[in-house]
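Written below as structure tokens is the structure these notes are about.
Only the coordinates and a few stated rules stand behind these numbers; no lab work does. It should be emphasised that the depicted structure is a prediction, and the values quoted were computed from it without experimental measurement. So basically every Cβ, Gly included, is an ideal-geometry build from the backbone, and we count neighbours across all protein chains shown.
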Amino acid sequence: METRRSILASFLPDLASLTKRGLAGWITLIGLGLVTSIVLMTFLAPWISPHDPSAINVGPQFCPPNGQFPLGTNHLGQDMLSRVLSGGSIMLQVAVLSVFICLMIGVPIGLLASYAGGKLDKLCSLMMDSIYAFPALVLAIAIAAMLGTGVVNMALAIAVVYVPSYFRIVRSQVLTIKELLYTEAARAAGARGRTILLRYILPNVVPSVVVVASVNFADAILTAAGLTFVGLGVAKDIPDWGWDLTDGRALLPSGAWWVITFPGIMIVLLALGFTLIGEGLSELLNPRLEQ
Amino acid sequence: MPLLEVDSLTIEYLARRGNIRAVDDVSLSLEKGETLGLVGESGSGKSTLGLSLLRLVPYPGVIVDGRIRIDGTDILNLSEEEMRFIRGRKVSFVFQDPMTSLNPVKKIGDHFVELIRTHEPTISEEEALKRAEKILNDLGILPERINDYPHQFSGGMRQRIMIALAIALNPDLVIADEPTTALDVIVQAKILDLLKSLRDEYGMALILITHDLSIVLERCDKIIVMYAGQMVEYTDSTILHRNPRHPYTRGLLRSIPNIELADQKLEAIPGSPPDLLNPSEGCRFWPRCSYAMKICQEKDPPLIDAEHGHLVRCFLYGGTQP
């Protein structure tokens, strides 16, 4: 238990000390700030939204941003501010779920295959590489089209696409660590294979997985937006930035720039937040850069 | 009954290019509390031999022939599970590089807890830590540092921690594979003397694997000199020092600087060891040997008892007549 707590503590250095770790610390902090505020905003949307985001004709149609509707209204007279506030909910759920599925599948397979080596390793690598060969969004669209709409189906489609990234990073790390002397020393001291895998190899793989996962959050957000944009996301009556992009694109020729702009900015900010966290953490957790 | 008995052990690495015989027909025996120095240059098979005593020859190495008995038990017939109880408890291993021998994410204390509880599951964590503190203290490491991580220690301290781990379960035999190669000379002497004093104190047998003949001469009871997978000389260290027989051993001794000989000329052994993939006929050493005779190129010399159990693999001491 003690070990696990200390590992966690080393991954989540207290926020104040981040500012003392140079650029990487600041990057992580900004990323954390962006993500936290968007998550909070989405979570609090039902209480802070001026209108029901799904209600039509709360105002005039195509109303540009003004005092009453700060982000304007769309072609149905829906309040864009309310839609921006709550439109991230599905995307966040999908991202969390898909990253979770990826972790649950990619990490154990990567650990076992590369530790066991031989045919199992070859087979798994081949499978993962063949998934990796597809363009991510195209594959996700194909799978989502097969599975149908809904949060779980979107998450599954995204998870399948990104599992190979986890598998690869875990595999490459295990291949290095399993040759290191301390796993050899553990074996020479009579440790079981299971113990070596779980106590010696896994904890040393976790930092890389954390980095991949946080970068992967950003990919999942963008892919989820893409899926909704092409109509493979959730039902039309649920407010979602992806849907607003679809609508906004159609309305753009008529000059209603505000319908597509604000949800688009939110998607970019959220993805940027996760990317910054990932980039920052990969610097912070890199032992070679530690003084 | 000797503690360790190795009988015509042969180990091969099944490489893609062919089989490489890393250990060739080695036999030795070790009594309780005895120290054995295993000397040879890189690739002479000394580390492979050491690891085989725990059945940990790295892939694709295979023990193709011979027998290893520890306390009379043939370990080559044990199951992997039975083998686990020999590793760490009866026989423990100290590796060459202390910088990478400890798990970077585990505290020093956790290494001990894990080791002790692997072999004695009934012992509580507190008790295991208490034991660890005592051993660390014996080896000159402050007990309160038990909560520190490996990167907070210097190389010499880490090697002392590795030794503490090796003796934590009071094994009968400790195998130290070049335990001081990664350390500077002063720390090196300290670690070696520590190993020797532990031998005296805990009564365990010690196998010291090294490429440096000078450090085992004064610290070991017996010495095996290995060359290209073969034992070329096997005798008491005092005899070896006074009367080295094999030309290779003589070469090694001549290459050790001696402070008392002001005009000593250090001599290197010319050439390099043979390719073990396709060893040529005859003695493995003859191309580098200044005493080489015609027969050396044609026949592999047998291990000859030159005098009272002083074994030498060289035609200079007989064996030329079939």
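In plain terms, chain A is cut at each of the GluC sites (Glu not before Pro) found in a DSSP loop with at most 12 other Cβ atoms within 10 Å, and the longest leftover piece is A:1-178. Legend: ranking of residues A:Ser54, A:Ser125 from fewest to most surrounding C-beta atoms inside 10 Å; resulting order A:Ser54, A:Ser125.
Principal-axis analysis of the Cα atoms of chain A puts helix A:2-11 at an angle of about 50° to the longest axis. Across the range B:82-144, Cα pairs under 8 Å and at least six residues apart give a relative contact order of 22 percent.
Give the average, rounded to an integer, of partner chain Cβ atoms located within 10 angstrom of each Cβ in A:172-182.
Going residue by residue through A:172-182 and averaging, the value is 3.
Looking at chain A as a GNM with Cα springs under 10 Å, which of A:Gly87, A:Gly148, A:Gly67 has the largest mean-square fluctuation? Judging by the Gaussian network model, the answer is A:Gly67. Per-residue ellipticity at 222 nm from helix content only, as computed over the protein assembly as shown with -39500 (n - 2.57) for each DSSP H run of at least four residues, stands at -15500 deg cm²/dmol. Here the relative contact order of the range B:1-122, from alpha carbon pairs under 8 Å that lie six or more residues apart, stands at 27 percent.
Which whole-angstrom value gives the distance between the alpha carbon centres of the range B:36-98 and the range B:238-290? Comparing the Cα centres of the range B:36-98 and the range B:238-290, I get a distance of 27 Å. Just to be sure I understand: of the beta bridges DSSP finds with both ends in chain B, what percent are antiparallel, rounded to 5? The answer is about 60 percent antiparallel. Charges on Cβ only, +1 for Lys and Arg, -1 for Asp and Glu, centred on the Cα centroid of the protein assembly as shown; of B:Gly33, A:Phe229, A:Ser282, which one is farthest towards the dipole's positive end? Checked the options; the winner is A:Phe229. Evaluated with a Cβ-only charge set (Lys, Arg +1; Asp, Glu -1), the range B:137-262 carries a dipole of roughly 340 debye about its Cα centre, given to the nearest 20. Compared with the rule-of-thumb size 2.2 N^0.38 Å for a compact globular protein, chain A has a Cα radius of gyration ratio of 1.17.
Relative contact order, whole percent, for chain B stands at 20, derived from Cα pairs under 8 Å and 6 or more residues apart.
The antiparallel fraction among DSSP beta bridges confined to the protein assembly as shown stands at about 60%.
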